[in-house]
Amino acid sequence: METGTPRTGEAAGQVAAGLEISQWKYLPGEAGDPRMHAILSVRVDGTGGDGHPGGPVLAQVLVMDCSSSMTWPVEKLHAAQQAAVAAIRKLPDGTPFAVIRGNEQATVVYPDTPRMARASARTRTRAERAVRETVAGGGTCIGAWLDLSRRLLTEQDAPIGHVLLLTDGKNQHDEQMPLARVLDACAGRFVCDAWGIGDGWDGRELLRITSRLHGSASSVREEEALPGEYEQLMNRLLTKTVPELVVSVTAMPGCTVRYLKQVFPTEAELTAEDGTGRFVTRAWGDETRRYQLCLAADPTGRPRGEDLQLAVVAIEVPGVPGGGEVRLPPPQPCLVHWTDDPALSRHTDAQVEHFEQHQRLGEAVAAATDAHRRGQRDLAEQQLGRAVLLAHVMGADEQLARLARLVRIEDASSGRVTLRPEVTAVDFQHLITASSHSTYGPASGTGTGTGSGAAGGAPGGGAAVPCPACSRKAPAAARFCPACGHRFEARP
C-alpha cells in the first residue's frame, strides 16, 4: 500500500504526499555490478487546483517563434497566434502574463510596460489584439527567448513560473546568447514546455530544453491542432498548485548516490542541491511521478544473507500557497541483500526493467534519426526494428503505432520492419519527442520487493509474477515478459 496517500474523505483541503520504493534487493556479493537501482513512485494529492487566497499561483510567459520561416506556409503563424490566444483566454484573473516575439532577438509584444500584465477581461483582449498583429521575420535564437522569459518571471512573486515555447526551427544564432549558458541560469527558476510545428525543428533540442527545465516536449503534425493542444496543456497546468517537492536521499556509509532521474510521465534531469542528496522537483498538482534511483555500494567486508540499509528516501514539501498543511509519508529505506546465489542476484525489478527498456527504445530512435540524416536508410531501418522489438516486448501499443508511421511492421516479435519510402526527416523529430513520454501508467504494483512495505512492482499495476520462460518477474497484466519477450497465454 502506498504510504502517505490520502483516502477518499480524508482531511478536505489537506495536501498529502505518498512514496513507494520498488527494487530487487539481491546483489552479487563478489563479482558483478555493485549498483542498486530502484524506482521511486511519488504521489501528491489534495492540491485542489482552484487557487489560494494568498494570490495567483502561476505566472505565465508565452513565447511565439516569429522567425522568417513561420511565414510559409502561412498556416503556421496563424496557428501559433490562435494557440497563444487560446492560452491567454484560459488564464484566471490576476495571473501575471506576457507574450514574447522570438526571432534572433526577443521582444515583449504584450504588455508594453516593463512588468508583466495581470490577467483581466481588458488585458486579455489587448493581448489577443497584440498577438494577432504580430508579424514574422528574422532568425532563431532560443537562448534569447528563454533569457527574457527568466528576467520577466524573476520580477514576479507567483510561486510557479511557466514558459510555453513554440518553434518551427533550429537554434541558428547560438553565438549571440548560448543556450547552454541560458539553461544554467534558468534551471530551477521556471518550468518550460516546448512545442514543435512545421518541418524544420529539432526534437533533441526541444528535449534538451524541457528535460533541464522540468517540462515536456511535444509537437503537432497538423497546424490546426495546435490551439486545442494549448488549451489542454493550460487545463493541466492550472491544476498545479504545489511549487516544488524535494526528494531527499541519504546514503549510508560506503554507499554513494549515482543519480536520480525522472522517468515518468516524461524524462527530466535532476541535480542534487550543492552536492547534497536533496533533489528538487517542480510544479505539482494531483499526480504521480516516477524516478529512477541508482546507488553504488561496495560489498567488501559486508555481511551476507541479511538485509542491509543502503539509503533512506524522504519526501519534503517546503510549502503550498496559502499556508496549507502538508501531510508527508514516513522515510523509506532502500535495501541490499548481498548474496552468492546467482539464482537471486540475476533478477531485476520489473519496474526498473520497464524503464530501462524504455530508455533503450529512445536510444534506438535517436540512432535511427542520425542514420536517416546521413542517408543510411538500411541502418535507420535496423534501429527502428530494434525500437519495434522493444515496444513489442513492453506491450507499448502507443509506441508501436507511432513507429508504424515510419515502418511497415512485418514481425514485431523479431523486429523485422521495412522503412516506408515516404518518410521524411520531420517524421523522426515527431518520434523523438513522443518517445520522451513514458508509456507507464500511474497505477502501482503490489508485489514483493524491498521488504519495507513498498511495492515490488509490476508496470501498469497488479502483482509481479514469474515468467515461465526465464523466471524473471513480470507484470501480472502484461502480454509479454519485459526481460525475454516471452508471450504469455491469455489470462482471465
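Please treat every number below as a calculation from the coordinates, not as lab data. These figures come from a predicted structure and were not determined experimentally. All Cβ positions, even for glycine, are placed from backbone atoms using ideal geometry, and neighbour counts span all protein chains on display.
Tabulated data for the structure shown
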item: Per-bin percent of Cα-Cα distances, segment 76-190 [5 Å]; result: 2, 11, 22, 24, 21, 14, 5, 1, 0
item: Cα gyration tensor category, rounded, prolate or oblate, for segment 311-427 with a/c compared to 1.5; result: oblate
item: Cα gyration tensor shape of segment 21-147, rounded if a/c is under 1.5, else prolate or oblate by comparing a/b with b/c; result: oblate
item: Cα gyration tensor category, rounded, prolate or oblate, for segment 127-239 with a/c compared to 1.5; result: rounded
item: Rounded Å value of the spacing that divides the Cα centres of segment 279-320 and segment 196-241; result: 30
item: Cross-link reach list, lysines versus K76, counting only Cα pairs under 29 Å and skipping chain neighbours closer than eight places; result: K90, K170
item: Per-residue ³J(HN,Hα) for segment 139-151, Karplus 6.51 cos²θ - 1.76 cosθ + 1.60, θ = phi - 60°, Hz, x for Gly and Pro; result: x, 9, 9, 5, x, 5, 5, 5, 5, 5, 4, 4, 5
item: Peptide ranges 15-25, 133-143 listed from the most packed, as the mean C-beta count within 10 angstrom indicates; result: 15-25, 133-143
item: Percentage relative contact order, segment 46-199, counting C-alpha pairs under 8 Å, at least six apart; result: 29
item: Spatially proximal lysines relative to K261 (Cα-Cα < 22 Å; intrachain offsets below 8 disregarded); result: K25, K240
